[in-house]
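*Asks:* Below is the structure I would like to discuss, written out as C-alpha coordinates.
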Amino acid sequence: MKIAVVGTGYVGLVTGTCFAETGNKVTCVDIDQSKVEKLASGEITIYEPGLEKIFLRNLKEGRLKFTTSLEDGIQEADIIFLALPTPPGADGAADLKYVLSVADHLGKILKGYKVIVDKSTVPVGTADKVKQAIAVHYKGEFDVVSNPEFLREGVAVDDFMKPDRVVVGTDSERARKIMGDLFAPFVRQGNPIIYMDERSAELTKYAANSFLAMKISFMNEIAQLCEKMGADVDMVRKGIGSDERIGKRFLFPGIGYGGSCFPKDVQALIRSSAEVGYQFNILEAVEKVNAHQKLHLVHKIRKYFGDQLTGKHFALWGLSFKPNTDDIREAPALEMIDALLTQGATITAFDPEAMPNVRKHLGDRIQLASSQYDTLNNADALIIATEWSEFRTPDFEMIETKLKQKVIFDGRNLFDVKQMAGLGFHYESIGRK
Ligand code: NAD
(Lines give C-alpha, C1' and ligand atoms only; values in the text may rest on other atoms or scores of the structure.)
Protein backbone atom coordinates (compact mmCIF):
# COMPACT_ATOMS: atom_id res chain seq x y z
CA MET A 1 0.00 0.00 0.00
CA LYS A 2 1.01 3.62 -0.30
CA ILE A 3 1.06 5.48 2.96
CA ALA A 4 1.71 9.04 4.10
CA VAL A 5 2.61 9.77 7.73
CA VAL A 6 2.19 13.41 8.73
CA GLY A 7 4.38 14.31 11.73
CA THR A 8 7.71 12.50 11.96
CA GLY A 9 8.41 12.50 15.69
CA TYR A 10 8.62 9.55 18.10
CA VAL A 11 5.35 8.03 16.85
CA GLY A 12 5.47 9.11 13.20
CA LEU A 13 8.99 7.91 12.52
CA VAL A 14 8.39 4.51 14.13
CA THR A 15 5.03 4.17 12.33
CA GLY A 16 6.47 5.12 8.94
CA THR A 17 9.53 2.90 9.30
CA CYS A 18 7.56 -0.13 10.51
CA PHE A 19 5.00 0.18 7.70
CA ALA A 20 7.89 0.38 5.20
CA GLU A 21 9.39 -2.72 6.84
CA THR A 22 6.30 -4.75 5.84
CA GLY A 23 6.69 -3.70 2.18
CA ASN A 24 4.56 -0.56 2.01
CA LYS A 25 5.73 2.59 0.24
CA VAL A 26 5.83 5.31 2.88
CA THR A 27 6.32 9.07 2.69
CA CYS A 28 6.82 10.88 5.99
CA VAL A 29 5.92 14.56 6.11
CA ASP A 30 7.15 17.07 8.68
CA ILE A 31 7.22 20.86 8.85
CA ASP A 32 10.64 20.77 10.53
CA GLN A 33 12.95 21.19 7.56
CA SER A 34 16.17 20.29 9.35
CA LYS A 35 14.57 17.08 10.66
CA VAL A 36 13.45 16.13 7.15
CA GLU A 37 16.89 16.87 5.69
CA LYS A 38 18.61 14.74 8.34
CA LEU A 39 16.21 11.83 7.89
CA ALA A 40 16.38 11.98 4.09
CA SER A 41 20.17 11.82 4.28
CA GLY A 42 20.12 8.80 6.61
CA GLU A 43 20.61 10.52 9.97
CA ILE A 44 18.15 9.29 12.58
CA THR A 45 16.63 12.03 14.76
CA ILE A 46 15.56 10.09 17.87
CA TYR A 47 17.15 7.39 19.99
CA GLU A 48 14.96 4.31 19.85
CA PRO A 49 16.55 0.84 20.17
CA GLY A 50 16.37 -1.18 16.93
CA LEU A 51 14.93 1.66 14.86
CA GLU A 52 18.06 2.88 13.07
CA LYS A 53 18.80 -0.44 11.39
CA ILE A 54 15.37 -0.84 9.79
CA PHE A 55 15.16 2.90 9.06
CA LEU A 56 18.42 2.75 7.05
CA ARG A 57 17.45 -0.44 5.24
CA ASN A 58 14.05 0.89 4.14
CA LEU A 59 15.53 4.24 3.17
CA LYS A 60 18.15 2.50 1.03
CA GLU A 61 15.59 0.24 -0.59
CA GLY A 62 13.43 3.24 -1.52
CA ARG A 63 10.37 2.35 0.57
CA LEU A 64 10.82 5.28 2.96
CA LYS A 65 10.89 8.91 1.85
CA PHE A 66 10.77 12.26 3.63
CA THR A 67 9.36 15.62 2.58
CA THR A 68 8.21 18.94 4.03
CA SER A 69 5.45 19.21 1.42
CA LEU A 70 2.08 17.84 2.53
CA GLU A 71 0.88 17.99 -1.06
CA ASP A 72 3.78 15.88 -2.40
CA GLY A 73 3.60 13.54 0.58
CA ILE A 74 -0.06 12.58 0.23
CA GLN A 75 -0.36 12.64 -3.55
CA GLU A 76 0.00 8.90 -4.11
CA ALA A 77 -1.11 7.73 -0.66
CA ASP A 78 -4.11 5.45 -0.08
CA ILE A 79 -3.91 6.08 3.68
CA ILE A 80 -2.78 9.23 5.50
CA PHE A 81 -1.71 8.87 9.15
CA LEU A 82 -1.72 11.95 11.38
CA ALA A 83 0.99 11.54 14.04
CA LEU A 84 0.95 15.17 15.13
CA PRO A 85 1.51 16.70 18.58
CA THR A 86 -1.50 17.11 20.87
CA PRO A 87 0.08 19.06 23.77
CA PRO A 88 -1.98 20.40 26.65
CA GLY A 89 -3.50 23.80 25.97
CA ALA A 90 -3.75 26.55 28.61
CA ASP A 91 -6.80 24.86 30.21
CA GLY A 92 -5.23 21.36 30.24
CA ALA A 93 -7.35 20.06 27.35
CA ALA A 94 -5.48 18.57 24.38
CA ASP A 95 -4.67 21.31 21.89
CA LEU A 96 -5.95 20.21 18.48
CA LYS A 97 -4.46 23.06 16.47
CA TYR A 98 -1.83 20.85 14.75
CA VAL A 99 -4.32 18.12 13.85
CA LEU A 100 -7.07 20.47 12.67
CA SER A 101 -4.77 22.73 10.65
CA VAL A 102 -3.45 19.69 8.76
CA ALA A 103 -7.06 18.48 8.30
CA ASP A 104 -8.00 21.89 6.89
CA HIS A 105 -5.00 21.76 4.53
CA LEU A 106 -5.90 18.21 3.45
CA GLY A 107 -9.39 19.42 2.55
CA LYS A 108 -7.81 21.82 0.07
CA ILE A 109 -5.54 19.28 -1.63
CA LEU A 110 -7.30 15.89 -1.52
CA LYS A 111 -8.10 14.31 -4.88
CA GLY A 112 -10.04 11.06 -4.75
CA TYR A 113 -10.87 8.64 -1.90
CA LYS A 114 -8.37 8.34 0.96
CA VAL A 115 -8.46 7.05 4.52
CA ILE A 116 -7.27 9.65 7.02
CA VAL A 117 -6.15 8.08 10.30
CA ASP A 118 -5.86 9.87 13.65
CA LYS A 119 -2.87 8.21 15.29
CA SER A 120 -2.30 11.09 17.67
CA THR A 121 -3.89 10.79 21.09
CA VAL A 122 -6.99 12.94 20.69
CA PRO A 123 -10.11 13.67 22.76
CA VAL A 124 -13.42 11.99 22.05
CA GLY A 125 -15.10 13.69 19.12
CA THR A 126 -11.91 14.59 17.26
CA ALA A 127 -12.58 12.23 14.33
CA ASP A 128 -15.83 14.19 13.76
CA LYS A 129 -13.93 17.48 13.94
CA VAL A 130 -11.34 16.23 11.46
CA LYS A 131 -14.13 15.12 9.09
CA GLN A 132 -15.77 18.52 9.35
CA ALA A 133 -12.50 20.38 8.80
CA ILE A 134 -11.74 18.37 5.66
CA ALA A 135 -15.30 18.65 4.36
CA VAL A 136 -15.19 22.47 4.39
CA HIS A 137 -13.20 22.41 1.15
CA TYR A 138 -13.32 18.81 -0.10
CA LYS A 139 -16.60 17.45 -1.35
CA GLY A 140 -15.33 14.04 -2.53
CA GLU A 141 -15.33 10.70 -0.67
CA PHE A 142 -13.03 10.04 2.29
CA ASP A 143 -13.08 8.30 5.67
CA VAL A 144 -11.57 9.34 9.01
CA VAL A 145 -10.46 6.50 11.28
CA SER A 146 -9.28 6.59 14.88
CA ASN A 147 -6.29 4.29 15.37
CA PRO A 148 -4.67 5.21 18.69
CA GLU A 149 -1.06 4.23 19.20
CA PHE A 150 0.02 2.14 22.21
CA LEU A 151 3.78 1.90 21.57
CA ARG A 152 6.15 2.57 24.46
CA GLU A 153 9.28 4.61 23.87
CA GLY A 154 12.31 2.41 24.47
CA VAL A 155 10.60 -0.68 22.99
CA ALA A 156 8.63 1.12 20.29
CA VAL A 157 9.73 -1.02 17.34
CA ASP A 158 8.77 -4.26 19.07
CA ASP A 159 5.50 -2.77 20.27
CA PHE A 160 4.65 -1.60 16.75
CA MET A 161 5.70 -4.79 14.97
CA LYS A 162 4.04 -7.08 17.52
CA PRO A 163 1.24 -5.09 19.16
CA ASP A 164 -0.85 -6.58 21.98
CA ARG A 165 -3.82 -5.30 19.99
CA VAL A 166 -4.64 -2.83 17.26
CA VAL A 167 -7.64 -0.59 17.90
CA VAL A 168 -9.46 0.64 14.80
CA GLY A 169 -12.33 3.04 15.29
CA THR A 170 -14.53 3.41 12.21
CA ASP A 171 -18.10 2.97 11.04
CA SER A 172 -17.01 2.64 7.41
CA GLU A 173 -16.80 -0.89 5.94
CA ARG A 174 -14.46 0.37 3.22
CA ALA A 175 -11.99 1.90 5.70
CA ARG A 176 -12.26 -1.15 7.97
CA LYS A 177 -11.18 -3.46 5.12
CA ILE A 178 -8.21 -1.21 4.20
CA MET A 179 -7.04 -0.94 7.82
CA GLY A 180 -7.45 -4.71 8.29
CA ASP A 181 -5.27 -5.42 5.23
CA LEU A 182 -2.63 -2.91 6.34
CA PHE A 183 -2.33 -4.34 9.86
CA ALA A 184 -2.63 -8.03 8.90
CA PRO A 185 1.18 -8.60 8.86
CA PHE A 186 1.43 -7.19 12.41
CA VAL A 187 -1.15 -9.52 13.99
CA ARG A 188 -0.13 -12.85 12.46
CA GLN A 189 0.43 -14.33 15.92
CA GLY A 190 -3.25 -13.91 16.67
CA ASN A 191 -3.33 -10.71 18.67
CA PRO A 192 -6.59 -8.96 17.83
CA ILE A 193 -7.52 -6.03 15.68
CA ILE A 194 -10.38 -4.63 17.74
CA TYR A 195 -12.89 -2.73 15.63
CA MET A 196 -15.15 -0.19 17.28
CA ASP A 197 -16.68 3.21 16.68
CA GLU A 198 -14.44 6.28 16.54
CA ARG A 199 -15.46 7.68 19.94
CA SER A 200 -14.81 4.42 21.79
CA ALA A 201 -11.40 4.15 20.11
CA GLU A 202 -10.50 7.70 21.15
CA LEU A 203 -11.54 7.05 24.75
CA THR A 204 -9.74 3.67 24.84
CA LYS A 205 -6.36 5.40 24.52
CA TYR A 206 -7.04 7.84 27.36
CA ALA A 207 -8.48 5.07 29.53
CA ALA A 208 -5.37 2.90 28.96
CA ASN A 209 -2.86 5.62 29.84
CA SER A 210 -4.88 6.88 32.78
CA PHE A 211 -5.22 3.36 34.18
CA LEU A 212 -1.45 2.83 33.98
CA ALA A 213 -0.79 6.22 35.60
CA MET A 214 -3.23 5.23 38.35
CA LYS A 215 -1.30 1.98 38.95
CA ILE A 216 1.92 3.96 39.34
CA SER A 217 0.39 6.51 41.71
CA PHE A 218 -1.24 3.74 43.74
CA MET A 219 2.10 1.98 44.24
CA ASN A 220 3.77 5.28 45.09
CA GLU A 221 1.22 5.78 47.86
CA ILE A 222 1.79 2.22 49.12
CA ALA A 223 5.53 3.06 49.13
CA GLN A 224 4.85 6.17 51.22
CA LEU A 225 2.95 3.99 53.69
CA CYS A 226 5.78 1.43 53.76
CA GLU A 227 8.22 4.16 54.77
CA LYS A 228 5.95 5.30 57.57
CA MET A 229 4.97 1.81 58.78
CA GLY A 230 8.31 0.03 58.45
CA ALA A 231 7.17 -2.30 55.65
CA ASP A 232 9.13 -3.08 52.46
CA VAL A 233 7.43 -2.12 49.19
CA ASP A 234 9.39 -4.77 47.25
CA MET A 235 7.76 -7.46 49.36
CA VAL A 236 4.31 -5.88 49.11
CA ARG A 237 4.76 -5.57 45.32
CA LYS A 238 5.63 -9.24 44.97
CA GLY A 239 2.86 -10.19 47.35
CA ILE A 240 0.15 -8.45 45.34
CA GLY A 241 1.65 -8.90 41.87
CA SER A 242 1.39 -12.68 42.02
CA ASP A 243 -2.39 -12.28 42.07
CA GLU A 244 -3.36 -12.59 38.40
CA ARG A 245 -6.15 -10.06 38.81
CA ILE A 246 -3.51 -7.46 39.72
CA GLY A 247 -0.56 -8.60 37.58
CA LYS A 248 3.18 -8.12 38.08
CA ARG A 249 3.77 -5.22 35.70
CA PHE A 250 3.66 -1.52 36.45
CA LEU A 251 3.90 -2.04 40.21
CA PHE A 252 7.31 -0.45 40.72
CA PRO A 253 7.32 2.66 42.91
CA GLY A 254 9.62 5.53 42.01
CA ILE A 255 9.74 9.28 41.63
CA GLY A 256 6.52 9.64 39.69
CA TYR A 257 5.48 9.19 36.09
CA GLY A 258 6.64 11.58 33.38
CA GLY A 259 7.07 11.55 29.63
CA SER A 260 5.08 13.07 26.83
CA CYS A 261 1.98 10.93 27.40
CA PHE A 262 0.84 10.08 30.94
CA PRO A 263 0.89 13.63 32.41
CA LYS A 264 -0.84 15.23 29.44
CA ASP A 265 -3.30 12.40 28.87
CA VAL A 266 -4.40 12.23 32.53
CA GLN A 267 -4.82 16.00 32.50
CA ALA A 268 -6.75 15.92 29.21
CA LEU A 269 -9.14 13.19 30.42
CA ILE A 270 -9.87 15.14 33.62
CA ARG A 271 -10.55 18.17 31.47
CA SER A 272 -12.75 16.49 28.90
CA SER A 273 -14.68 14.74 31.69
CA ALA A 274 -15.37 18.16 33.22
CA GLU A 275 -16.60 19.40 29.85
CA VAL A 276 -19.37 16.80 29.92
CA GLY A 277 -20.17 17.57 33.56
CA TYR A 278 -18.31 14.67 35.16
CA GLN A 279 -15.69 15.07 37.88
CA PHE A 280 -13.12 12.28 37.45
CA ASN A 281 -12.19 12.00 41.15
CA ILE A 282 -9.72 9.11 40.88
CA LEU A 283 -7.68 10.84 38.18
CA GLU A 284 -7.56 14.08 40.14
CA ALA A 285 -5.99 12.10 42.99
CA VAL A 286 -3.59 10.35 40.58
CA GLU A 287 -2.28 13.74 39.42
CA LYS A 288 -1.96 15.07 42.97
CA VAL A 289 -0.05 11.99 44.14
CA ASN A 290 2.27 12.19 41.16
CA ALA A 291 3.07 15.88 41.71
CA HIS A 292 4.00 15.03 45.31
CA GLN A 293 6.01 11.94 44.37
CA LYS A 294 8.16 13.79 41.84
CA LEU A 295 9.66 15.74 44.74
CA HIS A 296 9.81 12.87 47.25
CA LEU A 297 13.54 12.37 46.81
CA VAL A 298 14.18 16.11 47.18
CA HIS A 299 12.33 16.03 50.53
CA LYS A 300 14.60 13.19 51.64
CA ILE A 301 17.70 15.10 50.51
CA ARG A 302 16.61 18.20 52.43
CA LYS A 303 15.85 16.13 55.50
CA TYR A 304 19.39 14.76 55.38
CA PHE A 305 21.34 17.90 54.43
CA GLY A 306 19.03 20.60 55.82
CA ASP A 307 16.72 22.96 53.97
CA GLN A 308 19.46 25.20 52.61
CA LEU A 309 21.55 23.39 50.00
CA THR A 310 23.88 26.27 49.14
CA GLY A 311 27.39 24.86 48.71
CA LYS A 312 26.12 21.31 48.24
CA HIS A 313 27.05 19.58 45.01
CA PHE A 314 25.19 16.51 43.67
CA ALA A 315 25.94 13.84 41.11
CA LEU A 316 22.84 12.86 39.13
CA TRP A 317 22.48 9.65 37.11
CA GLY A 318 19.66 9.59 34.57
CA LEU A 319 17.78 12.44 32.89
CA SER A 320 15.38 10.85 30.41
CA PHE A 321 11.88 10.15 31.77
CA LYS A 322 12.60 6.43 31.53
CA PRO A 323 15.47 4.24 30.29
CA ASN A 324 16.19 3.51 26.60
CA THR A 325 14.95 6.83 25.29
CA ASP A 326 16.38 10.32 24.83
CA ASP A 327 12.95 11.83 25.58
CA ILE A 328 13.03 14.28 28.50
CA ARG A 329 9.50 15.65 28.22
CA GLU A 330 8.07 15.94 31.78
CA ALA A 331 10.99 13.89 33.12
CA PRO A 332 10.97 13.74 36.95
CA ALA A 333 14.74 14.41 36.85
CA LEU A 334 14.10 17.89 35.45
CA GLU A 335 11.72 18.78 38.25
CA MET A 336 14.22 17.54 40.82
CA ILE A 337 16.99 19.57 39.19
CA ASP A 338 14.84 22.67 39.34
CA ALA A 339 14.04 22.17 43.03
CA LEU A 340 17.67 21.47 43.99
CA LEU A 341 19.03 24.46 42.06
CA THR A 342 16.41 26.69 43.66
CA GLN A 343 17.69 25.56 47.09
CA GLY A 344 21.21 26.65 46.09
CA ALA A 345 22.74 23.28 45.12
CA THR A 346 24.89 22.60 42.05
CA ILE A 347 24.62 19.46 39.90
CA THR A 348 26.71 17.39 37.52
CA ALA A 349 24.63 14.87 35.58
CA PHE A 350 25.05 12.00 33.15
CA ASP A 351 22.59 10.21 30.89
CA PRO A 352 23.51 7.72 28.15
CA GLU A 353 21.24 9.32 25.51
CA ALA A 354 19.35 12.36 26.79
CA MET A 355 22.18 14.86 27.35
CA PRO A 356 21.85 16.70 23.99
CA ASN A 357 18.16 17.34 24.72
CA VAL A 358 18.95 18.43 28.29
CA ARG A 359 21.65 20.79 27.05
CA LYS A 360 19.07 22.44 24.75
CA HIS A 361 16.53 22.61 27.58
CA LEU A 362 18.70 23.71 30.52
CA GLY A 363 21.67 25.41 28.85
CA ASP A 364 24.49 25.60 31.39
CA ARG A 365 22.31 25.52 34.53
CA ILE A 366 23.86 22.13 35.32
CA GLN A 367 27.10 20.49 34.24
CA LEU A 368 27.03 17.37 32.09
CA ALA A 369 29.70 14.69 32.42
CA SER A 370 31.01 12.28 29.81
CA SER A 371 30.53 9.21 31.99
CA GLN A 372 28.49 8.21 35.04
CA TYR A 373 31.63 8.14 37.21
CA ASP A 374 32.78 11.61 36.08
CA THR A 375 29.71 13.09 37.77
CA LEU A 376 30.96 12.00 41.19
CA ASN A 377 34.00 14.23 41.74
CA ASN A 378 33.48 16.40 44.83
CA ALA A 379 29.81 15.49 45.05
CA ASP A 380 28.13 15.35 48.47
CA ALA A 381 25.78 12.61 47.30
CA LEU A 382 24.74 10.57 44.29
CA ILE A 383 21.12 10.84 43.12
CA ILE A 384 19.58 8.29 40.74
CA ALA A 385 16.60 9.41 38.67
CA THR A 386 16.36 6.91 35.76
CA GLU A 387 16.86 3.15 35.82
CA TRP A 388 19.24 2.73 32.86
CA SER A 389 20.65 -0.84 32.94
CA GLU A 390 24.22 0.40 33.18
CA PHE A 391 23.48 2.01 36.55
CA ARG A 392 22.32 -1.27 38.10
CA THR A 393 25.66 -2.86 39.00
CA PRO A 394 28.10 0.02 39.35
CA ASP A 395 31.62 -0.01 40.74
CA PHE A 396 30.84 0.89 44.37
CA GLU A 397 34.54 1.24 45.23
CA MET A 398 34.88 3.93 42.59
CA ILE A 399 31.73 5.64 43.87
CA GLU A 400 33.12 5.56 47.42
CA THR A 401 36.48 6.99 46.34
CA LYS A 402 35.03 9.85 44.34
CA LEU A 403 32.10 10.99 46.49
CA LYS A 404 32.83 13.38 49.38
CA GLN A 405 30.36 11.43 51.52
CA LYS A 406 29.06 7.89 51.07
CA VAL A 407 25.48 8.98 50.43
CA ILE A 408 23.09 7.73 47.72
CA PHE A 409 19.49 8.78 47.08
CA ASP A 410 17.96 6.25 44.71
CA GLY A 411 14.63 7.14 43.11
CA ARG A 412 14.42 3.80 41.27
CA ASN A 413 15.29 1.20 43.92
CA LEU A 414 18.26 -0.15 41.93
CA PHE A 415 20.31 -1.56 44.79
CA ASP A 416 19.86 -4.05 47.58
CA VAL A 417 19.27 -2.28 50.89
CA LYS A 418 21.29 -4.81 52.94
CA GLN A 419 24.20 -4.78 50.49
CA MET A 420 24.35 -0.98 50.67
CA ALA A 421 24.32 -1.08 54.47
CA GLY A 422 27.13 -3.66 54.34
CA LEU A 423 29.17 -1.35 52.12
CA GLY A 424 28.68 1.44 54.64
CA PHE A 425 26.60 3.76 52.44
CA HIS A 426 23.88 6.02 53.73
CA TYR A 427 21.33 4.74 51.20
CA GLU A 428 17.79 6.01 50.79
CA SER A 429 15.35 4.58 48.27
CA ILE A 430 11.58 4.51 47.80
CA GLY A 431 9.33 2.58 50.17
CA ARG A 432 12.07 0.48 51.75
CA LYS A 433 13.61 0.61 55.20
P1 NAD B 1 6.59 14.53 18.56
O2 NAD B 1 6.54 15.91 19.10
O3 NAD B 1 7.78 13.67 18.80
O4 NAD B 1 6.36 14.58 16.98
C5 NAD B 1 5.43 15.40 16.33
C6 NAD B 1 6.01 15.82 14.98
O7 NAD B 1 5.00 16.54 14.26
C8 NAD B 1 7.21 16.76 15.09
O9 NAD B 1 8.29 16.25 14.35
C10 NAD B 1 6.69 18.08 14.50
O11 NAD B 1 7.69 18.81 13.82
C12 NAD B 1 5.64 17.57 13.54
N13 NAD B 1 4.65 18.55 13.11
C14 NAD B 1 4.05 19.55 13.83
N15 NAD B 1 3.19 20.22 13.04
C16 NAD B 1 3.23 19.66 11.81
C17 NAD B 1 2.56 19.90 10.58
N18 NAD B 1 1.68 20.88 10.47
N19 NAD B 1 2.85 19.13 9.52
C20 NAD B 1 3.77 18.13 9.63
N21 NAD B 1 4.43 17.84 10.77
C22 NAD B 1 4.16 18.59 11.85
O23 NAD B 1 5.28 13.83 19.14
P24 NAD B 1 5.08 12.25 19.40
O25 NAD B 1 5.69 11.87 20.71
O26 NAD B 1 5.43 11.49 18.18
O27 NAD B 1 3.49 12.22 19.61
C28 NAD B 1 2.58 12.39 18.54
C29 NAD B 1 1.20 11.97 19.02
O30 NAD B 1 1.20 10.58 19.36
C31 NAD B 1 0.72 12.70 20.28
O32 NAD B 1 -0.67 12.89 20.19
C33 NAD B 1 1.04 11.72 21.39
O34 NAD B 1 0.21 11.89 22.50
C35 NAD B 1 0.76 10.41 20.71
N36 NAD B 1 1.49 9.25 21.27
C37 NAD B 1 2.79 9.38 21.64
C38 NAD B 1 3.48 8.27 22.14
C39 NAD B 1 4.93 8.40 22.56
O40 NAD B 1 5.41 7.48 23.24
N41 NAD B 1 5.64 9.45 22.20
C42 NAD B 1 2.82 7.03 22.25
C43 NAD B 1 1.50 6.94 21.85
C44 NAD B 1 0.84 8.06 21.36
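The values are calculated or read from the model by the stated rules, or taken from the named source; none is laboratory data. Being a predicted model, the structure only gives us computed values, none of them experimental. All Cβ positions, glycine included, derive from the backbone under ideal geometry; neighbour counts span all protein chains shown. The protein model used for the area step is the full one, side chains on, heavy atoms only, and it has no ligands, DNA or RNA in it. Shrake-Rupley method; radii C 1.70, N 1.55, O 1.52, S 1.80 Å.
*Asks:* Alpha carbon centre of segment 1-25 versus segment 157-208: separation in Å?
*Replies:* Centre-to-centre distance over Cα atoms comes out at 16 Å.
*Asks:* Same structure, new question: With N set to the residue count of segment 294-428, report its C-alpha Rg divided by 2.2 N^0.38 Å to two decimal places.
*Replies:* For segment 294-428, the normalised Cα radius of gyration is 0.95.
*Asks:* Limiting things to C-alpha atoms, what are the Rg and the maximum Cα-Cα separation (Dmax) for the chain, in angstroms?
*Replies:* That works out to 23.4, 74 Å for Rg and Dmax.
*Asks:* Here is a further query. Roll a 1.4 angstrom probe over the protein heavy atoms and tell me the percent of accessible area of the chain that is carbon or sulfur.
*Replies:* C and S atoms contribute 51 percent here.
*Asks:* Working out 0.36 nm times the residue gap between ASP307 and VAL187, then minus their Cα-Cα distance, what length gain in nm do you get to one decimal?
*Replies:* My answer for the length gained is 37.7 nm.
*Asks:* Among DSSP beta bridges whose residues both lie in the chain, state the antiparallel percentage, nearest 5.
*Replies:* Bridges in the chain are about 5 percent antiparallel.
*Asks:* Okay, next question. Give the distance, in whole Å, between the Cα centre of segment 245-314 and the Cα centre of segment 333-405.
*Replies:* Comparing the Cα centres of segment 245-314 and segment 333-405, I get a distance of 21 Å.
*Asks:* Please work out whether segment 152-194 counts as rounded, prolate or oblate from its C-alpha gyration tensor, where a ≥ b ≥ c are the square roots of the eigenvalues and a/c under 1.5 means rounded, while otherwise a/b larger than b/c means prolate and anything else oblate?
*Replies:* Since a/c reaches 1.5 and a/b is larger than b/c, the shape of segment 152-194 is classed as prolate.
*Asks:* So if I average 1/r over every pair of distinct C-alpha atoms in segment 6-116 and take the inverse, what Kirkwood radius in Å does that give?
*Replies:* After inverting the mean inverse Cα-Cα distance, the result is 14.6 Å.
*Asks:* Would you list the P(r) distribution for segment 33-72, with all Cα-Cα distances sorted into 10 Å bins from 0 and each bin expressed as a whole %?
*Replies:* 30, 54, 16, 0
*Asks:* Let me ask something else. Might you tell me the accessible area per residue for segment 176-270, computed with a 1.4 Å probe and given in Å²?
*Replies:* The answer is 51 Å² per residue.
*Asks:* Under the definition of Cα pairs under 8 Å and six or more residues apart, what whole-number percent is the relative contact order of segment 205-292?
*Replies:* Averaging sequence separation for qualifying contacts and normalising by length gives 39 percent for segment 205-292.
*Asks:* Describe numerically, in nm with one decimal, the distance between label points set 7 Å from Cα along Cα→Cβ at ASP72 and at SER34.
*Replies:* Computed distance between label sites ASP72 and SER34 equals 2.0 nm.
*Asks:* Over segment 356-423, calculate the relative contact order: mean separation of alpha carbon pairs under 8 Å at least 6 apart, over the residue count, as a percent.
*Replies:* 35
*Asks:* I would also like to ask the following. Need the full-extension length gain, LYS177 to ASP128, defined as separation in residues times 0.36 nm minus the C-alpha distance. One decimal, nm.
*Replies:* 15.6 nm
*Asks:* Moving to a separate point now. Give the shape of segment 264-318 as rounded, prolate or oblate, defined through the alpha-carbon gyration tensor: a ≥ b ≥ c are the square roots of its eigenvalues, a/c under 1.5 means rounded, and otherwise the shape is prolate if a/b is larger than b/c and oblate if not.
*Replies:* Prolate, since a/c reaches 1.5 and a/b exceeds b/c.
*Asks:* Points 7 angstrom from Cα along the Cβ direction at ALA207 and ASP158: gap in nanometres?
*Replies:* Label-label distance for ALA207 and ASP158, simple model: 2.7 nm.
*Asks:* For the pair SER242 and LYS406, what calculated FRET efficiency results from E = 1/(1 + (r/R0)^6), where r is the Cβ-Cβ distance and R0 = 30 Å, to the nearest 0.05?
*Replies:* The value I calculate is 0.25.
*Asks:* Separation between the LYS139 and GLU52 pseudo-spin-labels, each 7 Å from Cα along Cα→Cβ, expressed in nm?
*Replies:* 5.2
*Asks:* Could I ask something else about it? Translational diffusion coefficient of segment 48-93 at 37 °C, 0.692 mPa s, Stokes-Einstein with Kirkwood Rh over Cα pairs, in µm²/s as a whole number.
*Replies:* 241
*Asks:* For segment 48-197, evaluate the Debye formula with one uniform point scatterer on each Cα (no solvent term) and list log10 I(q)/I(0) at q = 0.09, 0.18, 0.19 Å⁻¹, rounded to two decimals.
*Replies:* With no solvent term, the Cα-only Debye profile gives -0.31, -1.27, -1.38.
*Asks:* Which peptide among 340-351, 355-366 comes first, and what is the full order, when sorted by highest mean count of other Cβ atoms within 10 Å?
*Replies:* 340-351, 355-366
*Asks:* Rounded to whole Hz and in sequence order, give me ³J(HN,Hα) for segment 229-240 from the Karplus expression 6.51 cos²θ - 1.76 cosθ + 1.60, θ = phi - 60°, writing x for Gly and Pro.
*Replies:* Running phi through 6.51 cos²θ - 1.76 cosθ + 1.60 with θ = phi - 60° gives 9, x, 9, 10, 5, 4, 5, 4, 4, 5, x, 8 Hz.
*Asks:* Quote the convex hull volume per residue of segment 205-292, based on C-alpha atoms, as a whole number of Å³.
*Replies:* For segment 205-292, the hull spanned by Cα atoms encloses 100 Å³ per residue.
*Asks:* Assuming R0 = 45 Å, can you tell me the calculated FRET efficiency for the pair SER273 and SER389, based on Cβ-Cβ distance, to the nearest 0.05?
*Replies:* According to the calculation, E is roughly 0.75.
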